[in-house]
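Take a look at the structure below.
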Number of protein chains: 2
Amino acid sequence: MRLTVAQLSESELLARIFPRLHAGTSTILGPGDDAAIIAAPDGRTVISIDTQVQDQDFRLRWPNGYATTGFDVGWKAAAQNLSDINAMGAEATAMVVSLTLPGTTPVSWVEDLADGLSAAIVALGAGACSVAGGDLSAGSELVVTVAVTGSLEGRDPVLRSGARPGDQIAVCGNLGVSAAGWALQESTIVPDRYTPAAAHAAELFNRPWPPLVAGPAGARAGATAMMDISDGLLRDAGRLAAASGTGLDLDAGVLRELATALEDTAAALGADSLEWVLTGGEDHGILSTFPAATTLPAGFIRIGSVVSAEANQPAVTISGQNLRSVITGAVGWDHFAV
Amino acid sequence: MRLTVAQLSESELLARIFPRLHAGTSTILGPGDDAAIIAAPDGRTVISIDTQVQDQDFRLRWPNGYATTGFDVGWKAAAQNLSDINAMGAEATAMVVSLTLPGTTPVSWVEDLADGLSAAIVALGAGACSVAGGDLSAGSELVVTVAVTGSLEGRDPVLRSGARPGDQIAVCGNLGVSAAGWALQESTIVPDRYTPAAAHAAELFNRPWPPLVAGPAGARAGATAMMDISDGLLRDAGRLAAASGTGLDLDAGVLRELATALEDTAAALGADSLEWVLTGGEDHGILSTFPAATTLPAGFIRIGSVVSAEANQPAVTISGQNLRSVITGAVGWDHFAV
């Protein structure tokens with residue numbers, strides 16, 4: 001019989017979690033009092049909050065048999081929150097975590113979640129960030145909420161609204177890889193039969209790897225706009241265009257090239273690798289714009305240009321054409337419209 | 001037919017929520033980008049997180065017929081989070097809010113929740129605090145998580161661990177009133193038949209009123225320890241004693257006097273008003289200790305003295321005796337042991 005959270009008091013469960021939480025250098029006072037205290041050296045704190053809900057954001061068991069671990073959920077909670085701080089051009093300083101747990105949740109699953117949070121913080125390069133506090137509740141389904149703080153280190157934040165016509169558009173990080181991993185886990189291809197490319201995609205779906213060096217590097221290099229790509233390139237590009245009052249024209253050739261690494265996996269599933277690149281979320285790369293003359297920082301790839309917003313034109317175009325006509329012509333993909 | 005959240009897109013729902021969120025003076029960048037930015041003028045940010053779960057922390061409909069409103073849930077979420085900041089001796093600067101909502105939730109209920117959050121912030125005197133961002137998720141039950149930040153305004157934080165033998169123990173705020181309101185809603189006494197005292201208790205259970213002036217005032221007056229009383233005086237006093245490595249001796253006479261205002265309500269329910277004072281949570285008053293010679297700030301009442309921790313003695317005593325013997329002798333209450 002596995003020990004469940006219903007068999008422990010809140011303080012007993014906290015006593016098992018606390019030692020597993022990463023303690024970074026930004027914490028002035030850690031867990032255990034009414035609140036934590038975090039350093040904010042430039043007099044400002046960046047803050048964001050994100051939630052994962054069982055059966056909405058993750059399945060405990062997937063159609064292909066993969067069982068989501070507590071480590072996966074903790075890692076993803078950390079990664080998606082760290083990405084929001086990254087996208088402002090900031091460095092993460094702390095997380096506070098609220099867990100809503102069914103009484104039947106194994107204690108080991110919660111310990112794994114704490115390990116996943118801490119492992120992601122360290123592996124992704126956010127070692128100054130602490131897990132500084134939290135809250136435990138009972139509920140009928142798993143809900144994991146993380147609020148994350150960050151420091152701009154004296155720099156201006158890079159907002160979604162700063163793109164200007166003539167700027168180059170660039171991305172840093174993966175596009176469509178997480179979507180491929182999701183599609184694999186929704187398929188009948190069991191993990192034991194994954195190709196190396198498929199295993200890589202599933203790994204990055206379960207434990208995303210946002211490029212945390214990119215946000216501050218982009219800010220230092222003069223990015224005019226940045227945002228976390230969490231809901232797919234096209235949708236998030238539409239948001240950046242709307243916030244900036246511009247259009248965004250993406251380069252069809254570059255996008256097709258980015259899709260080639262996913263082609264074998266897509267073929268095995270009867271899926272479209274370009275669709276993954278254009279619409280796949282949760283890779284948590286950075287969408288950014290820079291002045292045309294700027295040399296892009298390491299890891300950024302140019303994928304298009306900012307254009308003027310035109311009446312009766314979609315905000316996001318691909319090589320000057322609207323998506324439906326380009327995609328139908330280029331790759332036979334006619335089941336998508338923006 | 002009431003409009004439900006399932007009938008709106010996320011951006012449509014956010015468009016209804018955003019205008020209702022209080023914008024305080026501490027926000028440098030509000031909702032709409034990847035993260036918000038909050039002022040941290042003394043280079044530190046206090047942070048805490050708290051969650052309410054449907055059917056755990058509140059019932060949508062109570063046995064006595066009372067229907068919890070979105071306004072109640074929003075108010076309570078704000079109040080309990082503001083209290084954590086208060087208990088550090090800090091002033092709140094911002095909240096970020098994560099809502100997990102069943103698709104059947106009426107949109108008007110969510111709008112009421114936003115109104116309740118904002119109304120509590122203003123009414124409780126935390127007008128500098130903004131609701132600076134948030135996250136929406138679908139789920140099978142309502143889960144409301146708030147993370148709150150605060151500023152110490154250059155002061156040292158007041159921790160749970162600073163009580164010293166000889167200090168006076170004081171409280172600011174209500175004790176047992178929220179517990180009386182909870183007991184009423186769990187009873188068969190319908191709200192229409194409440195006495196004025198009962199209506200007051202129910203009001204404070206649904207919309208708690210933490211004394212936000214007390215935290216900074218206590219800190220300025222030299223409080224040696226403070227904490228939010230969220231789980232009941234005895235339990236939280238035990239935590240403060242443990243953190244400080246001391247005992248706490250409470251004054252039986254003062255506690256009985258504090259219970260008198262609840263006696264009629266307790267009699268109507270066959271309950272014990274002193275039990276409410278000693279064990280009732282969610283009033284979110286402040287438990288504090290001050291040097292013996294300190295004149296207590298306005299609103300604080302002396303309820304006992306900090307004593308040395310003694311082996312084989314409970315950390316919390318009442319007029320020098322352990323709880324069971326005192327309470328059994330004084331008020332016939334023998335169903336409780338600590």
Practice task
Could you identify the single residue in B:Pro196, B:Pro211 that is out of contact with any Gly (no Cβ under 7 Å at 6 or more places or on another chain) and more than 14 Å from chain A (Cβ to nearest Cβ)?
Solution key: B:Pro196
Handout entry: Looking only at segment B:49-65, and only at residues there that are of a type in the set (S, T, N, Q) and within 14 Å of another protein chain (Cβ to nearest Cβ), the one that is surrounded by the fewest Cβ atoms within 10 Å (Cβ to Cβ)
Key = B:Gln56
Exercise for the section: Please identify the pairs in which a residue from segment A:112-127 that is more than 19 Å from A:Ala15 (Cα to Cα) has its Cβ atom under 9 Å from the Cβ atom of a residue that is surrounded by fewer than 24 Cβ atoms within 10 Å (Cβ to Cβ) and hydroxyl-bearing (Ser, Thr, Tyr), counting only partners at least 6 apart or on another chain. Expected result: A:Gly127/A:Thr25
Handout entry: segment B:30-48 - residue that is out of contact with any helix residue (DSSP H, G or I) (no Cβ under 8 Å at 6 or more places or on another chain) and within 29 Å of B:Thr68 (Cβ to Cβ) and, of those, farthest from the other protein chains (Cβ to nearest Cβ)
Key = B:Gly30
Practice task
Give me the pairs, please: first residue somewhere in segment A:274-291 and at negative phi and among the aliphatic types (A, V, I, L, M), second residue anywhere and in a strand (DSSP E or B) and modelled with pLDDT under 95, beta-carbon distance under 9 Å, and either six or more positions apart or on two chains.
Solution key: A:Leu278/A:Ile318
Exercise for the section: Only helices (runs of 4 or more DSSP H) wholly contained in segment A:209-317 count here; list those with 2 or more residues that are closer than 29 Å to A:Val148 by Cβ. Expected result: A:214-220, A:233-244, A:273-279
Handout entry: Counted residues, segment B:252-269 - those being over 14 Å from B:Ala198 (Cβ atoms) and more than 23 Å from the chain's Cα centre (by Cα)
Key = 2
Exercise for the section: Tell me, please, whether a residue that is in a strand (DSSP E or B) and either at pLDDT below 95 or within 14 Å of chain B (Cβ to nearest Cβ) (or both) can be found in segment A:66-82. Expected result: no
Practice task
With respect to B:Val97, determine if the residue is at the interface with chain A (Cβ under 9 Å from one of its Cβ atoms), aliphatic (A, V, I, L, M) and under 27 Å from A:Ala77 (Cβ atoms).
Solution key: yes
Handout entry: A:Ala87 vs. criteria buried (at least 20 other Cβ atoms within 10 Å of the Cβ), touching a strand residue (DSSP E or B) at 6+ places or on another chain (Cβ under 7 Å) and within 11 Å of chain B (Cβ to nearest Cβ)
Key = yes
Exercise for the section: From (1) surrounded by fewer than 24 Cβ atoms within 10 Å (Cβ to Cβ); (2) farther than 19 Å from A:Ile47 by Cβ; (3) in contact with a Leu (Cβ under 9 Å, 6 or more places away or on another chain), pick out the condition that doesn't hold for B:Asp135. Expected result: (2)
Fill in the blank from the handout: Expected single match for hydroxyl-bearing (Ser, Thr, Tyr), closer than 19 Å to A:Ala201 by Cβ and in contact with a helix residue (DSSP H, G or I) (Cβ under 7 Å, 6 or more places away or on another chain) among A:Thr260, A:Thr265 is A:Thr265
Problem - Residue in segment A:139-149 that is farthest from A:Gln7 (Cα to Cα), counting only those that are in contact (Cβ under 8 Å) with a residue 40 or more places away in the chain and within 7 Å of chain B (Cβ to nearest Cβ) - result: A:Thr149
Completion exercise
Within segment A:11-40, residues of a type in the set (Lys, Arg) and either surrounded by fewer than 18 Cβ atoms within 10 Å (Cβ to Cβ) or outside any helix (DSSP H, G or I) (or both) come out as A:Arg16
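The values are calculated or read from the model by the stated rules, or taken from the named source; none is laboratory data. What you see is a predicted model, and the numbers here were worked out from it, not measured in a lab. Note: ideal-geometry Cβ built from the backbone for every residue, glycine included; neighbour counts use all protein chains shown.
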